[in-house]
1. Could you grab me the full set of residues in segment 156-186 that are in a helix (DSSP H, G or I), more than 16 Å from ligand 4 (Cβ to nearest atom) and not aliphatic (A, V, I, L, M)?
2. Filter segment 377-408 down to the residues that are in a loop (DSSP other than H, G, I, E, B) and more than 30 Å from Arg420 (Cα to Cα) and list them by number.
3. Of all residues being under 14 Å from Trp565 (Cβ atoms) and among the aliphatic types (A, V, I, L, M) in segment 145-189, which is nearest to ligand 3 (Cβ to nearest atom)? Just the residue, please.
4. If you take the residues of segment 588-600 that are touching a residue at least 12 places away in the same chain (Cβ under 8 Å) and not hydrophobic (A, V, I, L, M, F, W, C), which of them is nearest to Gln625 (Cα to Cα)?
5. Sort through Ile81, Ile69 and tell me the only one that's in contact with a Ser or Thr (Cβ under 6 Å, 6 or more places away or on another chain), free of Cβ contacts under 8 Å to residues at least 24 places away in the same chain, within 16 Å of ligand 3 (Cβ to nearest atom) and farther than 30 Å from Val442 by Cβ.
6. Taking segment 203-261 as the region of interest, how many residues are assigned to a loop (DSSP other than H, G, I, E, B), within 16 Å of ligand 3 (Cβ to nearest atom) and aliphatic (A, V, I, L, M)?
7. Take the residues in segment 601-618 that are without any contact (Cβ under 8 Å) to a residue 40 or more places away in the chain and closer than 22 Å to His376 by Cβ, then tell me which one is farthest from the chain's Cα centre (by Cα).
8. Take segment 629-648 and flag every residue that is surrounded by fewer than 18 Cβ atoms within 10 Å (Cβ to Cβ) and touching an Asp or Glu at 6+ places or on another chain (Cβ under 9 Å).
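The values are calculated or read from the model by the stated rules, or taken from the named source; none is laboratory data. Computed from a predicted model, the values in this text were never measured in an experiment. With ideal geometry, Cβ positions are generated from the backbone for all residues, glycine too; neighbour counts draw on all protein chains shown.
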Amino acid sequence: MSAPIEPNPTPDAPPNKYRREFLWAMGGLSAAVAAAMAGWGGLELMVSPGTADEWHKSVCRFCGTGCTIRVGLRDGKVVDIRGHEAGHNKGVICVKGSMLRALPEIEGRLTRPMIRKGGKLVEAGWDEALDLIAARFKEIRDTHGPDALAFYGSGQLFTEESYTANKLFKGGLRTNNVDGNPRLCMASAAAGYVSVYGKDEPPGSYEDIDHAEVLFIFGANPYECHPPLWERIQRRRAADPRVYTICVDPRLSPTAKRCDLHLPVIPGTDLLLLNAMAQVIVEDGLAERAFVDRHVRFSQAGQTMDFEAFRAFLQDYAPSKVEGRLGIGADVIRHVAHRFARARASMSLWTMGVNQRTQGTALNIMLNAIHLLTGHIGRPGATPFSVTGQPNACGGVRDTGALAHALPGGRLVANAEHRREVEKLWGVPEGTISPKPGHHAVELFRAMEDGRVKGALVMCTNPAQSLPDCDRYAAAMEKCFTVVSEIVPDSETAKTASVLLPAALWCEKQGVLGQGERRYQLVDKLLDAPGEAKSDLWILAELATRLGLGDVIKARTPQEVWDEWRHISAQSYYNFEGMTYDRLRALPGLQWPCPTEVHPGTVRRYVEGDDPFVSKGAGIEFYGQKDKRAVIQLCPYVPSPEQPSADFPLYLTTGRVLEQWHTGTMTQRIAELSGAAGPARFVVSEVDASQRGVTSGDMIELSSRFGSVRGRAVTDPSMRPGLLFAAFYDARLLVNRVVADHFDPVSKEPEYKVTAVQFRKAGD
Ligand SMILES: Nc1nc2c(c(=O)[nH]1)N[C@H]1C(S)=C(S)[C@@H](COP(=O)(O)OP(=O)(O)OC[C@H]3O[C@@H](n4cnc5c(=O)[nH]c(N)nc54)[C@H](O)[C@@H]3O)O[C@H]1N2
Ligand SMILES: Nc1nc2c(c(=O)[nH]1)N[C@H]1C(S)=C(S)[C@@H](COP(=O)(O)OP(=O)(O)OC[C@H]3O[C@@H](n4cnc5c(=O)[nH]c(N)nc54)[C@H](O)[C@@H]3O)O[C@H]1N2
Ligand code: SF4
Ligand SMILES: [Mo]
């Protein structure tokens, strides 16, 4: 099962021509528009060649690429969306971004609060709904203690909203049960960065793509999930024939098809690849010893070790010892290690194939480690870089510490000094913040199931469809007093609600999104929300008042909250004090650290002259660690708990398609997008299908130890035997019914990418 060293043949045409045209048609602006925008100041209210009367700078609300866009309005409606030339995306957007114009107008928006009465959700007024929530939350807290309450949020809320929710629950209600969907997404990346550098968030930037010679794309499918970044990679390849792209993915994904080298690892085994690469780097003298000796420390279970001990540990991972389990030949592993190490600049880009794994943290540590060992860090084009999923997982959730174990600015609830600092910054009495970490996502829903948590506010996320083993956790929400803030009435989660609140979306409200390269951008309010829908910030602030916590949540408007949080950030290495609303409005975002209102932002972190925290004369300094050295933990390979067996002999992996966003509540309602993607299917290999008497289009029943689900199969000649793929956007094919809910012991992120399954033909 080893991969060829030879480059891939000429990239295949995409399966559907319509999809490709759709994707690229959105890229770029006309020369005239680009010229008009060259002077950034003249941008607002620019007249377009299209039908819009006025144009406003904004940000796409979908993915973590964070494309800067121009929103064209006419008669108070969005009529056009363009990529913004001055943004990092240089005018390029993808099909989801371009169809944002249809988002505010999607059919069936939720416009009034609803309360479950006699088993049915019935319309109610805001006062009735909010008074009911406050009364029930108080009753639950007084009877069962604050830890019977919880908040489950989202990397799609604005920073002001996540920050306020975190403060309300941890500093007001006094429970650390605050978690959210970034736990399903970026938790392993965050845990990896904290382990290595002592601080979260990537050291590099998208612009490193423009300088990289080797692009190591690992467990990521940017062709579909981050198209402007893929486009940037293409531009880089076109500019320099030496650029070499490697894709590590068990599946011949659309990205893998188009890279120079595809490494089709066996699902769940690729920590073996990273350890083997490290072994080759060390044994073949490819390590930058001077860099390592000055900037790196090795560690195992808290004990510092030397380079020789690290080398000894790696001996079990020599390419010849891992090739069978990994599915990649030893010669290929050596080739990749040499190519990566010897390049002038290597950049790794990784996403969910890495993070959504029971060894997600270890994989993140080792991805950073191969850069540290070879000195591919802190130079243009040389950087490790975890690509972010959601538009505000970074700024909104990771930076504000809106997770069960965390507090703002990289602090921890378990640390008494950190609690005291935050209590002071929040102006709440000492001892307010509980020292007990709250429940992380999967555990939180288990606590709802067994009654430890009795009341929850779920905001801007659809866990009944997006959690692994989702039926189990949907039932848990039904058992609880669950309040759901949503834009549509029929998400799987809305169906479980005791109270359903109508939310304003994207540019119907104002707030900051913090995206994958530490870039913060402002979304201004351009539209009125439909009916009685309100912003999530308004909902949180009103609830605070009714809970008697108005003195904790004093900041009520987006700008007031932003300024509070901006000043608090200045007391940490996550410092963006210099990013005022005015600056964010005038610029296509800024990257932190950005400590003052004249600071230009930081492209490369830990690098002298760029990062304001690096000491003079240090060159590179990993200041997040006490001894200012990056730490490489030894990471032994542990196989996934989901191993194929006689009952479940196949691997299922799950993910995304270009035209759909997550659980599809928004993109399934936009005809151009649902039409292009079609209904979700199980993608199966021809061998596995024919062995089971299945032909393309047949209905199948897929089962795992966790449950079963029916859906149509589509055979794909490029799918490797033994592997199936399904996306999770379609509620009619609820793939998470069968997905295992094992999680990484450190990051607590579930392993969506590996489930052992079986399937058979089912009647229609
Ligand atoms: N079109 C679209 N774009 C999106 C989103 C969306 O819903 N739709 N969502 C956004 C969000 S929140 C996220 S998190 C990102 C996700 O972006 P990506 O991570 O790029 O997308 P996924 O499809 O989840 O998974 C990536 C790849 O991991 C591979 N994989 C599976 N198992 C393994 C393994 O064991 N090892 C390795 N190395 N790879 C494996 C899968 O085959 C898949 O091709 O996309 C963002 N962008
Ligand atoms: N099988 C499988 N499952 C996965 C993954 C996978 O790869 N495979 N990936 C995981 C990852 S990385 C992620 S990030 C999660 C995403 O999972 P979810 O967050 O559950 O998915 P979304 O569809 O983005 O849910 C957002 C919800 O918020 C609503 N909404 C939109 N805008 C607003 C707003 O402004 N306010 C409010 N209150 N509501 C709003 C939408 O209608 C939608 O129902 O899925 C995870 N689940
Ligand atoms: S790549 Fe992401 S941020 Fe950019 S337009 Fe597409 S969905 Fe929006
Ligand atoms: Mo995500």
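1. Thr159, Glu160, Glu161, Tyr163, Thr164, Asn166, Lys167, Phe169, Lys170, Gly171, Gly172
2. Of the residues in segment 377-408, the ones in a loop (DSSP other than H, G, I, E, B) are 377-378, 380-381, 387-392, 399-405.
If the condition is that a residue be in a loop (DSSP other than H, G, I, E, B) and more than 30 Å from Arg420 (Cα to Cα), then Ile377, Gly378, Pro380, Gly381, Val387, Thr388, Gly389, Gln390, Pro391 are the ones that fit.
3. Restricting to residues being under 14 Å from Trp565 (Cβ atoms) and among the aliphatic types (A, V, I, L, M), the top hit is Leu157.
4. The qualifying residue nearest to Gln625 (Cα to Cα) is Pro593.
5. Residue meeting the stated conditions: Ile81.
6. 1
7. For segment 601-618, the residue satisfying everything is Ala618.
8. Pro636, Pro641
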